[in-house]
Amino acid sequence: MALRLPTQLATRGTFHHHHNNNSKSTMTAALSWRRTLSPDTPLIHSSTSLTTKKSYVQQMVTCSASGSTQAVNLAPGTPVRPTSILVVGSTGTLGRQIVRRALDEGYDVRCLVRPRPAPADFLRDWGATVVNADLSKPETIPATLVGIHTIIDCATGRPEEPIKTVDWEGKVALIQCAKAMGIQKYVFFSIHNCDKHPEVPLMEIKYCTEKFLQDSGLPHITIRLCGFMQGLIGQYAVPILEEKSVWGTDAPTRIAYMDTQDIARLTFIALRNEKVNGKLLTFAGPRAWTTQEVIALCERLAGQDANVTTVPVTVLRFTRQLTRFFEWTNDVADRLAFSEVLTSDTVFSAPMTETYDLLGVDAKDIVSLE
């Protein structure tokens with residue numbers, strides 16, 4: 001049985017990505033993925049395929065990323081206003097709150113959105129400028145960065161897309177363009193504990209992007225997030241009110257959900273605080289909740305019982321192993337890997353005292369899930 005696995009990953013689907021702007025500026029980026037297979041597995045390895053003579057073997061994926069640039073400023077040019085920001089992923093759950101907050105605080109907001117049948121009219125109605133570009137088409141990126149001081153990157157790929165298209169290849173292209181064009185600050189949203197789960201493609205890619213951004217030399221802030229309160233509304237609150245069934249697991253995982261409006265507020269406080277430059281921050285809500293506790297809270301507030309379908313963790317694990325056998329379900333396996341982490345004995349939370357002190361924020365001002 002032949003498993004076709006990507007052995008190479010970079011902006012054009014190749015292992016090393018070399019991007020030359022001109023003789024004055026050179027950019028080099030590489031992400032190496034090292035797969036460790038059990039020693040007793042005979043294999044034939046080429047640049048495009050991995051053939052195993054035995055059945056499926058668990059692979060561990062680790063990464064190291066590096067990027068360097070020597071850009072020469074040929075002329076001083078017109079200074080860019082610090083209030084000029086580009087929001088990437090501006091139509092998402094967090095992105096729209098970032099845009100809303102930025103406009104309320106007087107920033108000039110430009111939103112990078114993909115050309116789509118349903119245009120992002122609400123962003124224009126709020127007072128933002130909308131520009132069309134696509135992270136999976138690097139040639140569309142540079143024009144969107146002209147006159148921009150800060151990039152706030154909340155983007156992630158759509159569920160139907162291969163994870164690496166936007167979340168790795170697109171981000172590498174964006175960071176390289178930002179570096180080449182002299183962007184002053186880059187804010188990247190990552191996932192809490194992404195460095196601890198190399199077996200989950202999205203978390204591994206987020207961690208690689210953190211490293212790549214760090215190595216690029218761009219002034220940046222990385223913010224790891226645990227979970228969004230807003231996500232629970234559609235997942236649990238509304239279905240319970242409408243007497244529809246909701247899905248839960250029997251797992252003891254706890255997640256410290258945070259209001260996306262609080263995340264946006266703290267992000268702009270961090271952006272203006274020079275002490276935070278180059279730092280890795282983790283934003284977590286006041287308390288970590290299990291799925292069962294969230295459902296119980298919604299039942300109490302709705303005044304009615306929920307119709308809960310419980311999926312045992314063992315079923316998720318089995319499904320993930322099964323889908324791995326078929327290359328056309330790779331992305332399904334990727335997403336099941338993520339759900340498996342969310343159904344393990346893990347706590348997605350972090351103490352916030354130091355962060356609140358650093359940002360000068362009062363814990364009492366942070367919204368709780370209740």
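The values are calculated or read from the model by the stated rules, or taken from the named source; none is laboratory data. Small disclaimer: the values here were computed from a predicted structure and weren't measured. All Cβ positions, glycine included, derive from the backbone under ideal geometry; neighbour counts span all protein chains shown. Keep in mind that these areas ignore ligands, DNA and RNA; they rest on the heavy atoms of the full protein, side chains included. Shrake-Rupley method; radii C 1.70, N 1.55, O 1.52, S 1.80 Å.
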If I take the Cα coordinates of segment 192-245 and project them onto the principal axes, what are the three extents in Å, biggest first? 51, 26, 12
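Longer than 22 Å from Cα to Cα, which of 185/206; 164/196; 211/364; 185/275; 206/275; 171/279 are they? Say none if no pair is.
211/364; 206/275
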Note: segment 161-216 at 10 °C, 1.306 mPa s; Kirkwood Rh on alpha carbon pairs; Stokes-Einstein D in µm²/s works out to 135 µm²/s
Per residue accessible area in Å² of segment 71-152, where ligands, DNA and RNA are left out and the probe is 1.4 Å: 50 Å²
Along the Cα→Cβ direction, 7 angstrom out, place labels at residue 292 and residue 105. What is the inter-label distance in nm? 4.0 nm
I need the Debye-formula profile for segment 129-269: one equal scatterer per C-alpha, no solvent, reported as log10 I(q)/I(0) at q = 0.09, 0.10, 0.12, 0.21 1/Å, two decimals. -0.34, -0.42, -0.59, -1.41
Return the loop-located trypsin sites (Lys or Arg not before Pro) in segment 213-299 (DSSP other than H, G, I, E, B) with at most 11 other Cβ atoms within 10 Å of their own Cβ; answer none if there are none. 244, 272
Run the accessible area of segment 78-225 with a 1.4 Å probe and give the carbon-and-sulfur part as a rounded percent. 51 percent
Gain on full stretching of the segment that runs from residue 367 to residue 245 - 0.36 nm per residue minus C-alpha separation: 41.2 nm
Which GluC sites (Glu not before Pro) does segment 92-178 hold that lie in a coil by DSSP with at most 15 other beta carbons within 10 Å? 105, 160
